[in-house]
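Asker: Sharing a structure here in structure tokens format.
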Amino acid sequence: MVKAVVCGAAGGIGQPLSLLLKLNPIITELALYDVVNAVGVAADLSHIPTPAQVTGYLPPDNGAEKALKGADIVVIPAGVPRKPGMTRDDLFVNAGICATLAQAIANAAPKAFILVISNPVNSTVPVFAETLKKAGVFDPKRLLGVSHLDVIRASTFVASVLGKPTEAQKYSIPVVGGHSGATILPLLSQTKPAIPEILADKEKRDALVNRIQFGGDEVVKAKDGAGSATLSMAQAGAEFANYVIDAAFGGKKGKIVQSYINLAADAGGEAIKKEIGADLDYFSVNIELGPNGIEKILPIGQLDDVEKGLLEAAVKELGPSIEKGAAFQPAPPKL
């Protein structure tokens with residue numbers, strides 16, 4: 001019996017994400033929460049003949065906590081989307097929404113796995129952590145920032161550059177750092193299978209790295225004011241959620257992914273700080289998933305000279321974003 005909750009379920013990411021989670025046979029209960037339309041989305045999805053029983057909730061009558069009660073995993077795409085000319089950091093207005101949802105989770109489902117999609121992830125994950133700390137329920141092993149879209153983009157774009165676009169799923173590229181622009185660090189030198197033809201071509205490599213880092217801008221521009229990456233983000237979010245569910249409730253062991261996490265989640269976090277040469281509390285790193293969420297933080301591994309330069313830039317930009325999220329103080333509720 002697994003209960004999943006989507007907060008922000010009626011939005012551009014939330015609807016397709018909820019659909020994909022409805023298709024996971026391990027999920028037996030799916031609760032959808034949003035400020036509008038969640039009940040309608042739930043009614044629509046409820047007609048699909050899979051095990052998950054779907055319910056929808058709105059803010060009145062403490063709807064958020066009703067949706068969250070007894071949750072095993074909470075996936076959060078809530079917030080305003082990016083528009084042309086905006087960076088992810090411009091979305092810091094979402095911090096207030098995240099703090100409110102974090103408090104509701106602390107009250108109703110303090111043991112749930114929390115998967116944060118709401119941008120800017122580099123700042124919103126610290127917002128969640130600080131809110132949960134104040135409530136006395138913070139478990140760094142169960143808070144995961146979803147940077148997985150960078151990983152699936154890397155596979156897609158590498159295959160495209162190689163002239164093998166139909167073989168994208170064959171390529172595995174670790175992406176570490178953060179989840180915004182220059183903080184995104186694709187480790188092309190660690191690609192499996194290896195891609196020496198790209199590594200040897202500076203122009204191709206630079207263009208590929210830039211596309212992985214700023215791939216979201218392509219979608220924002222193409223949608224021309226009508227939104228940002230919603231469908232690909234939903235797929236990445238659902239895939240990542242399914243990995244967590246499989247490891248925590250399906251008995252699958254040894255799954256290694258990258259996620260933007262609090263480095264206190266495991267003793268390996270201190271080793272990461274040495275690898276990156278900075279005392280950052282958050283970083284997207286290789287983790288092994290298990291019944292408790294983050295079972296192990298694994299090393300970043302060998303970097304080539306290009307990646308060492310990218311790491312330096314990522315660390316420099318990440319620090320202020322982390323501090324901004326950690327220092328956020330939500331406005332007092334209106335009486």
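The values are calculated or read from the model by the stated rules, or taken from the named source; none is laboratory data. On a predicted model such as this, the values are computed, not experimentally measured, just so you know. Every residue, glycine among them, receives a Cβ derived from its backbone with ideal geometry; neighbour counts consider all protein chains shown. Accessible surface areas use protein heavy atoms only, side chains included; no ligands, DNA or RNA. Shrake-Rupley method; radii C 1.70, N 1.55, O 1.52, S 1.80 Å.
Asker: State yes or no: is A168 surrounded by fewer than 19 Cβ atoms within 10 Å (Cβ to Cβ), in a helix (DSSP H, G or I) and touching a Phe, Trp or Tyr at 6+ places or on another chain (Cβ under 6 Å)?
Answerer: Working: surrounded by fewer than 19 Cβ atoms within 10 Å (Cβ to Cβ): yes; in a helix (DSSP H, G or I): yes; touching a Phe, Trp or Tyr at 6+ places or on another chain (Cβ under 6 Å): no.
For A168, the condition - surrounded by fewer than 19 Cβ atoms within 10 Å (Cβ to Cβ), in a helix (DSSP H, G or I) and touching a Phe, Trp or Tyr at 6+ places or on another chain (Cβ under 6 Å) - is not met.
Asker: For residues that are over 25 Å from the mean Cα position of the chain (by Cα) and in a helix (DSSP H, G or I), scanning just the stretch 171-204, find the one that is nearest to E275 (Cα to Cα).
Answerer: My answer is L199.
Asker: Another one. So V41 passes all but one of these: (1) under 21 Å from S147 (Cβ atoms); (2) crowded, with 20+ Cβ neighbours inside 10 Å; (3) of a type in the set (A, V, I, L, M, F, W, C). Which condition number does it fail?
Answerer: Exception for V41: condition (1).
Asker: Test I322 against the criterion of being open to solvent by less than 70 Å² (accessible area, probe 1.4 Å), assigned to a strand (DSSP E or B) and not polar (S, T, N, Q), and give yes or no.
Answerer: No: the conditions fail for I322.
Asker: Hey, does the stretch 277-292 have a residue that's outside any strand (DSSP E or B), open to solvent by less than 40 Å² (accessible area, probe 1.4 Å) and touching a helix residue (DSSP H, G or I) at 6+ places or on another chain (Cβ under 7 Å)?
Answerer: Taking every residue of the stretch 277-292 in turn, at least one turns out to be outside any strand (DSSP E or B), open to solvent by less than 40 Å² (accessible area, probe 1.4 Å) and touching a helix residue (DSSP H, G or I) at 6+ places or on another chain (Cβ under 7 Å).
Asker: Across the stretch 239-258, which residue is surrounded by the most Cβ atoms within 10 Å (Cβ to Cβ) among those that are within 13 Å of the chain's Cα centre (by Cα) and either farther than 26 Å from I300 by Cβ or among the aromatic types (F, W, Y) (or both)?
Answerer: In this case the residue turns out to be F240.
Asker: Restricting to the stretch 25-38, name every residue that is of a type outside the set (A, V, I, L, M, F, W, C), part of a loop (DSSP other than H, G, I, E, B) and open to solvent by 50 Å² or more (accessible area, probe 1.4 Å).
Answerer: Those that are of a type outside the set (A, V, I, L, M, F, W, C), part of a loop (DSSP other than H, G, I, E, B) and open to solvent by 50 Å² or more (accessible area, probe 1.4 Å): P25, N37.
Asker: Does any residue in the stretch 86-98 that is over 12 Å from P330 (Cα atoms) come within less than 8 Å, Cβ to Cβ, of a residue that is part of a helix (DSSP H, G or I) and among the β-branched types (V, I, T) six or more places away or on a different chain, and which pairs are these?
Answerer: So the pair list comes out as M86/V220; R88/V121.
Asker: Taking the stretch 63-80, which residues are in contact with a Leu (Cβ under 8 Å, 6 or more places away or on another chain) and either without any contact (Cβ under 8 Å) to a residue 24 or more places away in the chain or not in a helix (DSSP H, G or I) (or both)? Give the derivation first.
Answerer: Going through the stretch 63-80, the residues in contact with a Leu (Cβ under 8 Å, 6 or more places away or on another chain) turn out to be 64, 67, 73-80.
I73, V74, V75, I76, P77, A78, G79, V80 - these are the residues of the stretch 63-80 that are in contact with a Leu (Cβ under 8 Å, 6 or more places away or on another chain) and either without any contact (Cβ under 8 Å) to a residue 24 or more places away in the chain or not in a helix (DSSP H, G or I) (or both).
Asker: Follow-up question, since we're still on this one. Look at the stretch 106-165 and say how many of its residues are over 25 Å from L30 (Cβ atoms), in contact with a helix residue (DSSP H, G or I) (Cβ under 9 Å, 6 or more places away or on another chain), of a type outside the set (A, V, I, L, M) and open to solvent by 30 Å² or more (accessible area, probe 1.4 Å).
Answerer: 8
Asker: Okay, moving on. So which of V5, V54 ends up being outside any loop (DSSP other than H, G, I, E, B) and free of Cβ contacts under 8 Å to residues at least 60 places away in the same chain?
Answerer: V54
Asker: While we're on this one: Give the stretch 205-226 a look and list any residue that's under 19 Å from G11 (Cα atoms), touching a Lys or Arg at 6+ places or on another chain (Cβ under 8 Å) and either of a type in the set (G, A, S) or open to solvent by 20 Å² or more (accessible area, probe 1.4 Å) (or both), or say none.
Answerer: Scanning the stretch 205-226 gives G216, G225.
Asker: Which residue pairs have Cβ atoms under 8 Å apart, sit 6 or more places apart or on different chains, and have a first residue in the stretch 110-127 that is over 12 Å from L68 (Cβ atoms) and hydrophobic (A, V, I, L, M, F, W, C) and a second that is part of a strand (DSSP E or B) and open to solvent by 10 Å² or more (accessible area, probe 1.4 Å)?
Answerer: Pairs found: V125/N262.
Asker: Could you identify the single residue in T87, T50 that is modelled with pLDDT under 95 and surrounded by fewer than 17 Cβ atoms within 10 Å (Cβ to Cβ)?
Answerer: Only one candidate qualifies: T87.
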